[in-house]
Amino acid sequence: MNPLAVELNDLLQKSNPYVYEMLSDLGKNLFFPKGILTQSGEAKEKAHKYNATIGTATENGGPMFLQCIQDKLSAFAPKDIYPYAPPAGKPELRQLWRDKMLQENPSQQDKHFSMPIVTNALTHGLSIIADLFIDEGDHLVLPDMMWGNYNLTFTTRCGAVAKKFTTFTEDGGFNVEAFKACLKATAAEKGKAVIILNFPNNPSGYTPSVAEGDALVAAIKEVAESGCNIVTVTDDAYFGLFYEDSLKESLFGKLANQNPRMLTIKLDGATKEEFVWGFRTGFITYADGSSDENADVLTALEKKTLGIIRGTISNCPHPSQTFVVEALQSPDFNAQKQEKFEVMQGRALEVKKVLQDSKYNDSWNYYPFNSGYFMCLELKRVDAEKLRVHMLDKYGVGAISIGKTDLRIAFSCIEEENIQELFDIIYQAELDLA
C-alpha cells in the first residue's frame, strides 16, 4: 500500500475508526499523489522566472487558444476557460455552492461538513461513492422505485447487492417502516449498509413530508446506535423543485453529525437545479457523524476523493465551472430561477388536475408525486413496455416503461397546455391494447 494511503488511513483510524471500516478495499488504498499537480502548485507560487511544470501551452503571458473558439466565448477571460481547473474544482465555485447550501438548507446551519468537491455531475459522484465504499457483496439499501443507473454504478461495476424496500404505503405515504425493516436486516447480516435517499425521487417524483423525513433520520440513527456502520447518500439531483407539502430541504443537514457510525454524503449539482444539463457540474460533500468537528476525517475523505478524480478523469471541465460561477453571482439569478420553478410547478399541478378525471380509473392509478421532473402511472390492464412501444409507433408519443406496470412521464419537458392531450393519447393507446 502506498505510504500516502497508509497516512490517510491512520488519520481516519485515529479520528473515527468507523469511517475507516466503511471504506472499500479500493477506498483504503486510495490517496492523492504528490506528483505533477503538487509540484506544479508549488511552482505556481515560487517559480518567478520560468514555470516549466504543467502540460499546457502558454502565449503572451496567458493560455494559448484558437481565436475561432475564443470569438464564441469572448465574454470570458481565457484564464477562466482554457487552463485545467483544480482537481477539487474552482475554489470560488466551491465556496459559492457551500454558501448556497447553507442558505437553502436550514438544518445545515451549525453543522460541520466538508467543502463541496466538484464532480462531473451526479453520476460521477455516485461512481466515486461506489469506488470508495462498496466491496463485492456489500448491501445497498434503496426503494424499489429507483433510478435504473444505480444498478450499473453500484451492482454491475462494484458487486453491491441491492436490498430494495417498497417505496409507498397503501395510503400513499413514504414507507418508512419498510425502509427501517430493510436497514435492520442488512445491519444484522452485514454490519454495514450504504443507503441512497433520492428526493425528489426519480422516477416517482415524490419527496417525503417533514414528519416522514424525521422518521427516516430517526430510523438510521437507531440502527447506527445498534452497531451498524452506515453510509447515507442524499442524491439531491432535483433539489429545490418542491411544489407542494413536503420537505423543502435535503436530509443531509438532519443526518449530519448524529452518530460516529453515520457518514452522510450529499450529491447535488447545477445540472438540473440550474437547468444546465450539458454543463455536467455537480458536487460531493461529506459530513462526519461525530458531534464535535473532526477536520481530519473530512481531510482524509477529500484526499481519497481527489485520488479517484485524479486517477479517472484528472479534473472536471473548467468552462462549465466558470459559467456556473457567473450565474450564481448574477443579480438576476434568483428571479430567473423562481420564474422557471413556477413553470415547472404549473406543469406538475396541471398533471394532477388532469388525472382527477374519472375516465382514467379503469386504466391506471398514479403514484404520489409532489416534486421534481417526473410522475409514474401504475397500469391496471396492459403491460407497460407494450404500451410504450404502441404509443411510440402509432401516436408518436414517448414515455419510459419500468417493469410490467409502471410508466414514467417526464412532465418537465411537456408544455402545460399540452398535458391534457398527452394523457388523452396515453389513455387512447391503453384502450387500444386493453
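The values are calculated or read from the model by the stated rules, or taken from the named source; none is laboratory data. This is a predicted model, so every value here is computed, not measured. Note that we place each Cβ from the backbone using ideal geometry, even for glycine, and neighbour counts take in every protein chain shown.
The table that follows gives values for the structure above.
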| item | result |
| --- | --- |
| Unmet criterion (only one of (1) part of a helix (DSSP H, G or I); (2) in contact with a strand residue (DSSP E or B) (Cβ under 7 Å, 6 or more places away or on another chain)) for G205 | (1) |
| Test: residue in segment 233-249 that is within 30 Å of E342 (Cα to Cα), basic (K, R) and surrounded by fewer than 20 Cβ atoms within 10 Å (Cβ to Cβ) | yes |
| Counted residues, segment 331-368 - those being of a type outside the set (D, E, K, R) and out of contact with any helix residue (DSSP H, G or I) (no Cβ under 8 Å at 6 or more places or on another chain) | 14 |
| Restricting segment 111-164 to residues that are without any contact (Cβ under 8 Å) to a residue 40 or more places away in the chain and acidic (D, E), the residue that is surrounded by the fewest Cβ atoms within 10 Å (Cβ to Cβ) | E136 |
| Residue satisfying condition, being surrounded by fewer than 19 Cβ atoms within 10 Å (Cβ to Cβ), outside the structural domain of E136 (by TED's automatic domain parsing) and not charged (D, E, K, R), within set P78, P17 | P78 |
| Within segment 15-49, considering residues that are closer than 15 Å to S314 by Cβ and touching a Pro at 6+ places or on another chain (Cβ under 9 Å), the one modelled with the lowest pLDDT | L37 |
| 2 or more residues within 26 Å of M262 (Cα to Cα): qualifying helices (runs of 4 or more DSSP H) within segment 1-63 | 3-15, 17-22, 25-29 |
